[in-house]
1. Within region 692-709, track down each residue that is buried (at least 16 other Cβ atoms within 10 Å of the Cβ) and either of a type in the set (Gly, Ala, Ser) or part of a helix (DSSP H, G or I) (or both).
2. Is there any pair linking a residue in region 138-156 that is surrounded by 13 or more Cβ atoms within 10 Å (Cβ to Cβ) to one that is basic (Lys, Arg), with Cβ under 6 Å and at least six apart or on different chains, and which?
3. Within the set of pairs 6+ apart or on separate chains, which have a first residue in region 614-625 that is within 12 Å of residue 591 (Cα to Cα), a second that is open to solvent by less than 50 Å² (accessible area, probe 1.4 Å) and among the hydroxyl-bearing types (Ser, Thr, Tyr), and C-beta atoms under 7 Å apart?
4. Out of the helices (runs of 4 or more DSSP H) lying entirely within region 580-687, which hold 2 or more residues that are over 30 Å from residue 702 (Cα atoms)?
5. Kindly establish whether residue 871 is surrounded by fewer than 20 Cβ atoms within 10 Å (Cβ to Cβ), under 20 Å from residue 183 (Cβ atoms) and either in contact with a helix residue (DSSP H, G or I) (Cβ under 9 Å, 6 or more places away or on another chain) or modelled with pLDDT of 80 or more (or both).
6. Which pairs do you get when a residue that is closer than 12 Å to residue 471 by Cβ, found in region 518-531, comes within reach of a residue that is among the polar types (S, T, N, Q) and part of a loop (DSSP other than H, G, I, E, B), reach meaning Cβ atoms under 8 angstrom, with the pair 6+ apart or on two chains?
7. Name the residue, out of 513, 555, 484, that is surrounded by 15 or more Cβ atoms within 10 Å (Cβ to Cβ) and under 30 Å from residue 789 (Cα atoms).
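The values are calculated or read from the model by the stated rules, or taken from the named source; none is laboratory data. Just so it is clear, the structure is predicted and the values come from calculations on it, not from any experiment. In this analysis, Cβ positions are derived from the backbone assuming ideal geometry, glycine residues included, and neighbour counts consider all displayed protein chains. Note: accessible area is taken over every heavy atom of the protein model, side chains too, but ligands, DNA and RNA are not part of it. Shrake-Rupley method; radii C 1.70, N 1.55, O 1.52, S 1.80 Å.
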Amino acid sequence: MERPLRDLPTGTVTFLFSDIEGSTELADRLAPPTYRGLLEQHHRILREAFAAEGGVERGTQGDSFLVVFRDAPSALAAAVQAQRSLATETWPSDEDVRVRMGLHTGEGIPGGDDYVGNDINRAARIAAAAHGGQILMSETSMTLTRRTLPDGVELRDTGEHRLRGLTGPERIYQVTIAGHRSDFPPLRTGQVVAAHVPARMTSFVGRERDLAELLELLAENRLVTLLGPGGAGKTSLAIELARTAADDFPDGAWFVPLDAITDPDLVGSTIVVALGLRDVSGRTARERLLDNLADRRLLLLLDNFEQVLGAAGFIGELLASSTIKVIVTSRSPLQISAEQVYAVPPLPVPPVSGPSAPDELALIPSVALFVDRARRVQSTFALSSENVEPIADICRRLDGLPLGIELAAARVPLLGPSGIRDRLASRLPLPGSASVDVPARQRTLHDAIAWSHDLLDPSSQTLFARLAVFAGGCRAEELEAVCGPGGPPGQDALGSVADLVNQSLVMAVERRGVVRFEMLETIRESALERFAREADRAEIVRRHAIAYLALAEAGAPALRGRGQAPVIERFAAERDNLRAALRWAIDSGEAELGLRLATALTWFWAPRGELEEAWSAITAALAIPRAEAPTQVHMRGLESAGNLAYYSGRRDEASSYYLAQLDMARELDDPLGIADALFNVPFTVDPKDWAGVAHMIDEAARIYESLGEEVNLARTMWARAAASAAAGRRDEALALWREAYERSRQSNDAYYESLAASSLAATYLEAGDREAAMRWFIAALGLAREISDITGMTLALPIAALATIELVGPEPAAVMMGAYESQTRRFGIRPPPGLAIIAERGDPLARARAALEPATLEDALDRGRAMAPDETVAFVLGIFDRMGPPGGFGPR
């Protein structure tokens, strides 16, 4: 029953909308009395859950609810309890009643006889995007609930989505409840937009006209370069441009930061990493990009290109061979034929003899920016007749440069506008007619940063300089390890960095619950100048290298097993710091440190196809003077070089490194090194010749067994099986692969467990035992998901689709093939020749096309194309779990 509006909560509230998925079909299918009884059950369950958390029911229409809560944690708790109760209820006619829910926190604004405003509309749209059994919430609600989640509840970021009737994208989170379904299809929204472009951290002020002009230029040109000095706001404007234009690009918008590299040859591999391409065929980054981008419609944003202008020709080649568009930020043009340059001007500043009324000056972009940023540090700040002239003068002295204005605004709580103006006046003269040229603006910004720096206390000034050692920012652990101990007496690194954050010289950026401290590149340039004069610079750089070596070596063992995802994410976030540490070791002749670091990173680089930079690093480390000495570190460096050569398709070169590893291990009398080399060498021969190197595998197995190396012993079982298969002893190979699978599973070696399952699947398929092959492929697929092996997850889909056609039907098989098409394209995965077996036995897509109506086929393919890899695996495993024997559809 609806409550009078005067009795409902106002102010900041959380709206919860819910309804039954497929209620119309339910009503058509059930007799009216049965359906009424079902609705009564549904209403009772939801009302009990909502009332227990203080929810106030605004209204009920049919199967839908609108309930208002005074705080977000209560709304979340009510939604979770409702879903738990719904899942355990026995429904008439054994129906499966699935309720979707959406939460959003905002202003409860009364209007007429109902709530009004964007917030209640946003909550309704979020609920409409959900599937039955799913709870979605806005970013606002997520922020208010993440620290007080109910037991067994987690939140998953689904990215940004366009919601019908609302301007701008909305970041939406899924509530995951332990023991309940979590593998829902893509949300019922517009395309996920700008998911690979950084979120805007502050309001977008003063650039609306520039944005409109740039959107027109981007519509007409393939390459748009935003040109201007540091601090002009190029990056923030380019990001807003990419985010706004993302909907026009079916393959999305992608941000590629280039601030941490100076070698033009690394631009290609940096783009490969940003796009997430997983092709490990050994092709160069250039070859992979030319292939992958040829038929994709996407937008690349290349930031800070001035450091790698030598790669301009490569960008021209990408444009000429594809239909992509590119946005570039740079201090210098690329000077290629497709380029349209847009000079990013400073923000307009108040004229010296112009209007002085606050309401008029508030419309001038530079003043609007100052006021906006001042409010971020002093919520009560407002433009007034008392402060309007000092603020206008500040904006003029800073020449309208956004970064300088933001630095000045950060000092409002300490100095006030008049104090800021007076301090600036002593350092920065009013700009004259020559101030519009780029060098003058650069001097203005340099002086603005210096002014802000001079107001810091000595310990914060020291930390400001030291922070320049980090490439791409750092976490608190590395900040303290590198910049804390051994500093000035009493220096508190975290306390000082808080001061730098308050003064806008450093940004504290939170991503997935982890805070990183980052500098804008222009500010880091200023810090680097000061760092070069630091007396203890050499010690700080060494500490940096040691800290990131410790990080790499601590995480390396997890890179080939379950639970690797957090380590990969950490390494990816620290990629630029790891790269800088390795470069310092090579340039400084630190042979041991360089080899240890390059070796630790091998299994981060290789499975993701980042082979060119990896190869350059390991060979440079091996070439460091004194690195040639026979040591265990050198021996492992040779092994890493062999691994990278193997993954690059250069088997003869890999063999040379592995044989050198074997020789050095014998010279060092290192049994484990000997066994590892004996295990590696057979991988460099043609698979059909494995029988001839079986003795090496047997010797490695004997050594592993004597050393108690259970994990490595299990791996030799896989290799011995491969040798048996090469010799034509199929039954023996199957038995050994089964043993390898079991041993790897017991020793938690998920990589070789998955490899054994895949080998069993392929062998059974060749033998004509399709059912066994499918069971093992499904096992391999689940394992690939556990170890985040997107390549393995993708390549298993055609096999799964073939099984689905045989055992279920053509429509879900078409869904799988749509996902396969999308993921091979998205991740640049090239199917190996072995998958030709599928074509020989009946291409699943061709068979689905022959069995389905064209509209049904296209709908199924589209559903698959929209799925992320994890969603696809969940879809496949869900089908086989439902049709398989007790315990799931797994290996026999």
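1. Within region 692-709, the subset buried (at least 16 other Cβ atoms within 10 Å of the Cβ) is 693-694, 696-697, 700-701, 703-704, 709.
Result: 693, 694, 696, 697, 700, 701, 703, 704.
2. 139/171
3. These pairs meet every condition: 618/640.
4. Details: elements: 591-600, 602-605, 611-622, 632-647, 651-667, 671-680.
Passing ranges, in order: 591-600, 611-622.
5. Details: surrounded by fewer than 20 Cβ atoms within 10 Å (Cβ to Cβ): yes; under 20 Å from residue 183 (Cβ atoms): yes; either in contact with a helix residue (DSSP H, G or I) (Cβ under 9 Å, 6 or more places away or on another chain) or modelled with pLDDT of 80 or more (or both): yes.
Taking the combined requirement at face value, the residue satisfies it.
6. 521/304
7. On the way: 513 fails: surrounded by 15 or more Cβ atoms within 10 Å (Cβ to Cβ); 484 fails: under 30 Å from residue 789 (Cα atoms).
Criteria check complete, one pass: 555.
So that you can scan it fast, the table gives a plain yes or no per residue for (1) more than 38 Å from the chain's Cα centre (by Cα); (2) under 22 Å from residue 129 (Cα atoms); (3) open to solvent by 20 Å² or more (accessible area, probe 1.4 Å); (4) not aliphatic (A, V, I, L, M):
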residue	(1), (2), (3), (4)
47	yes, no, yes, yes
50	no, yes, no, yes
59	yes, yes, no, yes
64	no, yes, yes, yes
78	no, yes, no, no
81	no, yes, yes, yes
94	yes, no, yes, yes
97	no, yes, no, no
